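First comes the structure, then the notes that go with it.
The values are calculated or read from the model by the stated rules, or taken from the named source; none is laboratory data. Keep in mind that what you see is a predicted model, and the values were worked out from it rather than measured. Cβ placement follows ideal geometry from the backbone for every residue including glycine, while neighbour counts extend to all protein chains displayed. These accessible areas exclude ligands, DNA and RNA; they are computed on the full protein's heavy atoms, side chains included. Shrake-Rupley method; radii C 1.70, N 1.55, O 1.52, S 1.80 Å.
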Amino acid sequence: MTFEQLYRQEWGQVVATLIRVTGDWELSEECAQEAFAAALERWPRDGVPDRPGAWLTTTARNKAVDWLRREAVGAAKLKEVAALDHASGQPYDVPDDRLRLMFTCCHPALAMEARVALTLRTLAGLSTAQIARAFLVPEPTMSKRLTRAKQKIQHAGIPYRVPPAHLLPERMPAVLAVLYLLFNEGYSDVVRSSLSSEAIRLARLLVQLMPDEPEAAGLLALMLLHDARRDTRLDADGVLVTLEDQDRTRWDHSLITEGENLLEAALRRGAPGPYQVQAAIAACHASARTAADTDWPQITALYGRLKQTPVVALNRAVAIGMADGPAVGLRLVDDLAAGPLAGYHLLPATRADFLRRLGRFQEAATSYREAIALATTDAERRYLERRLAEVSA
């Protein structure tokens, strides 16, 4: 495991543990950063400890204690911080600290965008610049929003805990949105794959916490159905393999079965929300024995039940194009070109694919070049370069 992967895996746990005890967001993040910096300096010389997460939490805790002593914040707070250790000297480990942090970040006193952005920053360790790009705003603007959100949590005395049952529904949309974004962040980039595993773990905890919430089960089903294909998404050279070309015999069918069972149980409650609908789309792909067996008309109908955001509209255009032919899909994609998807790499990539299927190779090459310039991961970029070479030959 690389240091960057370890950072992605452990950052949220270290910060969540410190916030639970100190209640100070800025201090917790600063001490966590210092702990990781210390690891980067010492581990190449001394070796990686057997429990790197424990080492990082202990180091960050010690830095927090030192700061609190210097600032003379009082014996009571120091006693709380010291309680991070067991008698054995290992850091205190609460398995759902990250889930608690998520519910804290998703307090209804904060705007929805601020809830999601703050959780991604604190839980996933995404940089302010990365979050700003996701929300299509300048980095200084996002930095100010994050600072205001942290200050509001502290000044309003918002408790660091999972709220009582009657308050859970008002926080659920933001919590589910964060989990989905967290999963996608790891699913789209192999370097951050641990984020997807963490999102699944937290989703399982959430389903246990709220067994009667169909959308929580729907989201977990969606994640599992996608994750079942993880090992087939890249070839031996690290190049993206599209769903159409994946080796379906290598899909994890135990995860597919679990996801389908979760989805079926959720749908029986008669309240199909967007995550259940998306899980149903994923199940259509998972149940097709070959790409040719895919029920594209059903997938098109399911996309029609979702809120027609620009990305959903693009996905629906793909489904229609696969059901009714690439010429139909291309017309729909071209209608989206002047909208908010301008600059989104999957728009020219989709257009290029339809043009390739129509045999319009010169136009396809132009769209592939545009998509390559906008691609966000090396795996996607190399796939698009392969396609470009095919239509340019």
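Tabulated results
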{"quantity": "Candidates VAL21, VAL137, VAL65, ranked by Gaussian network fluctuation over the chain, Cα under 10 Å, top entry", "calculated": "VAL137"}
{"quantity": "Residue-averaged 222 nm ellipticity for the chain, from DSSP H runs of 4+ at -39500 (n - 2.57), nearest 500", "calculated": "-22500 deg cm²/dmol"}
{"quantity": "Axial C-alpha extent at least 18 Å, average Kyte-Doolittle at least -1.0 - helices from the chain (DSSP)", "calculated": "3-22, 25-46, 52-70, 168-187, 193-209, 214-227, 253-267, 274-287, 310-324, 361-374"}
{"quantity": "Accessible-area ranking of TRP43, TRP296, largest first, probe 1.4 Å", "calculated": "TRP296, TRP43"}
{"quantity": "Mean Cα-pair separation over length for the stretch 306-393, i.e. relative contact order, pairs under 8 Å, 6 or more apart, %", "calculated": "23 percent"}
{"quantity": "Distance cut-off 22 Å, percentage of C-alpha pairs in the stretch 306-393 lying past it", "calculated": "22 percent"}
{"quantity": "Selected from ALA177, ALA129, ALA283 as most flexible by GNM, with the chain as the system and alpha-carbon contacts under 10 Å", "calculated": "ALA129"}
{"quantity": "Dipole in debye (nearest 20) - the stretch 235-393, about Cα centre, beta carbon charges: Lys, Arg +1; Asp, Glu -1", "calculated": "420 debye"}
{"quantity": "Cα-centre dipole for the chain with unit charges at Cβ (Lys and Arg positive, Asp and Glu negative), debye to 20", "calculated": "800 debye"}
{"quantity": "Of LEU167, LEU332, LEU267, the one that fluctuates the most in a GNM where the chain has Cα springs shorter than 10 Å", "calculated": "LEU167"}
{"quantity": "Solvent exposure of the stretch 250-393 as accessible area per residue, Å², 1.4 Å probe", "calculated": "52 Å²"}
{"quantity": "Identified option (computed volume of the Cα convex hull per residue in Å³; candidates (i) 164; (ii) 125; (iii) 203)", "calculated": "(i)"}
{"quantity": "Accessible area of the stretch 279-393 belonging to carbon and sulfur atoms, whole % at 1.4 Å probe", "calculated": "53 percent"}
{"quantity": "Lys/Arg +1, Asp/Glu -1 at C-beta; the chain dipole; positive extreme among GLY339, LEU219, THR377", "calculated": "GLY339"}
{"quantity": "ASP293 - accessible surface, heavy atoms, 1.4 Å probe, Å² rounded to 10", "calculated": "90 Å²"}
{"quantity": "Rel. contact order, % - alpha carbon contacts under 8 angstrom, at least six apart, the chain", "calculated": "10 percent"}
{"quantity": "Sequence-separation-based contact order of the stretch 223-310, relative, with Cα cut under 8 Å and 6+ spacing, percent", "calculated": "28 percent"}
